[in-house]
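Down below is the structure, laid out as structure tokens.
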Amino acid sequence: MKFIVSSTALLKELQLAGSVLNNSNTLPILDNFLFEIKDKSLSISASDIETILTTSLEIESKEEGAIAVPARLLLDTLKTFADQPLTFSVDEKTFAIEISSAEGRYSLNGQNPNDFPKTTDIEDAANVKLKGDILAEAFGKTLFATSSDELRPVMTGIFCQLDPNDITFVSTDAHKLVRYKRTDVSCSETAAFILPKKPVTILKNALSGSEEECTITFNKKNASFTFGKRKLTCLLIDGAYPNYEAVIPKENPNKLTIERGTFQNSIKRVSIFANKTTHQVRLKLAGSELAISAEDLDFSNKANERLTCNYAGDDMEIGFNSRFLSEMLSNIDSNNIVFSMSAPNRAGIITPETPRQEGEDVLMLVMPVMLNN
């Protein structure tokens with residue numbers, strides 16, 4: 001089997017597929033890319049058993065066949081080439097591979113392509129189509145709030161709720177929660193599933209800025225995302241997602257409106273002086289003034305700043321983890337934010353003053369921390 005392919009075109013597709021690979025695998029075949037040639041097209045697959053990504057590109061070839069190619073060795077080699085045609089010659093009996101370039105020849109050992117995990121069709125599936133950039137935006141806004149606690153696997157992923165009127169994406173780690181809703185897209189039927197963090201990260205990067213349509217196909221166990229010549233299939237997280245609506249306070253009479261960048265920079269500066277375990281910052285609201293302070297009693301460090309703001313509500317003092325606040329402020333695309341609160345022991349809600357685009361609804365919830373008076 002022999003084929004000719006552009007080095008840069010191949011590298012681009014391999015780098016995307018390579019994002020699926022693990023650093024260590026129990027099955028040696030998972031350290032390889034699966035190359036399959038048919039009708040002058042090269043299909044490339046990478047798998048970690050739970051997630052499989054397949055992509056393809058046009059090549060020059062008069063033959064058909066398949067080979068499993070060592071992933072890291074091939075990636076490291078391709079990164080050194082300027083754009084040029086590469087000729088791959090494969091012995092399908094011994095799985096020996098020879099690559100010819102303008103500079104020289106390189107030999108490596110492949111593996112039996114029949115050992116590579118097979119992709120199966122998703123049975124009894126439902127479908128929904130979304131623009132790639134909408135999906136990437138939803139994943140980008142929610143990914144940071146997922147949990148890393150493997151004892152609660154449902155919270156390590158993103159909850160996708162599809163309804164006839166809107167589509168909602170939710171993530172939480174019990175300290176913070178993000179709900180990203182789109183009212184300008186919908187699904188013909190009601191459905192919900194939990195996507196693992198790894199495929200979400202891959203899709204966010206692959207679909208960012210993409211205008212092309214992504215078709216989501218899913219059942220109770222699996223989901224696949226097809227966009228252009230690429231397809232990612234993954235196992236879904238099994239379990240019931242927490243009732244996130246129940247933890248979002250409905251009555252929040254105290255509203256702080258402030259310039260996002262100013263607030264974020266102040267939080268960053270003051271938090272340098274906070275306790276390194278709690279990362280606690282104190283917000284004191286009175287009239288049109290916001291006082292932000294932090295203190296580390298162990299080292300006698302403290303800082304405070306005063307900002308002018310637009311505040312409507314009762315005077316109050318409330319504490320938050322500065323890291324959580326900074327993360328949320330970094331993930332809001334708005335010049336001004338509205339921080340809605342009810343009491344020092346109730347969650348605060350951050351929303352953009354004006355949505356970035358029509359049909360977008362972003363809500364970020366952060367739990368307070370106990371103040372040490």
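The values are calculated or read from the model by the stated rules, or taken from the named source; none is laboratory data. Bear in mind the structure is a predicted one, so any value in this text is a computation, not a measurement. Neighbour counts run over all protein chains shown; Cβ positions are idealised from the backbone, glycine included. Just so you know, the surface numbers come from the protein's heavy atoms only, side chains and all, with ligands and any DNA or RNA stripped out. Shrake-Rupley method; radii C 1.70, N 1.55, O 1.52, S 1.80 Å.
Annotation: LYS197 carries an accessible surface of approximately 70 Å², with a 1.4 Å probe and no ligand, DNA or RNA atoms counted.
Rg of the Cα atoms in the chain, relative to 2.2 N^0.38 Å, amounts to 1.21. Protection proxy ranking for 60-67, 160-167, using the average of other Cβ atoms within 10 Å per residue and placing the highest first: 160-167, 60-67.
Average accessible surface for the range 8-130: 54 Å² per residue, computed with a 1.4 Å probe over protein heavy atoms with every protein chain in place. Here the chain exposes an accessible surface that is 47 percent carbon and sulfur, computed with a 1.4 Å probe and the other protein chains kept in place.
What whole-number distance in Å separates the alpha-carbon centres of the range 111-154 and the range 62-97? Distance between centres, Cα-based: 28 Å. Compared with the dominant principal axis of the Cα atoms in the chain, helix 7-18 is inclined by about 60°. Computed with a 1.4 Å probe on the full set of protein chains, the accessible area for SER188 sits at about 110 Å². THR80 exposes around 110 Å² of accessible area when a 1.4 Å probe is run over every protein chain in place. Secondary-structure-derived ellipticity at 222 nm for the chain, considering helices only, amounts to -5000 deg cm²/dmol, per-run term -39500 (n - 2.57) for DSSP H runs with n ≥ 4. Averaged over every viewing direction, what's the projected area of the C-alpha convex hull for the range 6-119? Give it in nm², one decimal, please. Convex hull of Cα atoms, orientation-averaged projection: 6.7 nm².
Helix 197-207 versus the longest principal axis of the chain: what is the Cα-based angle in degrees, 0 to 90, to the nearest 10? Helix 197-207 and the main axis of the chain meet at about 80 degrees.
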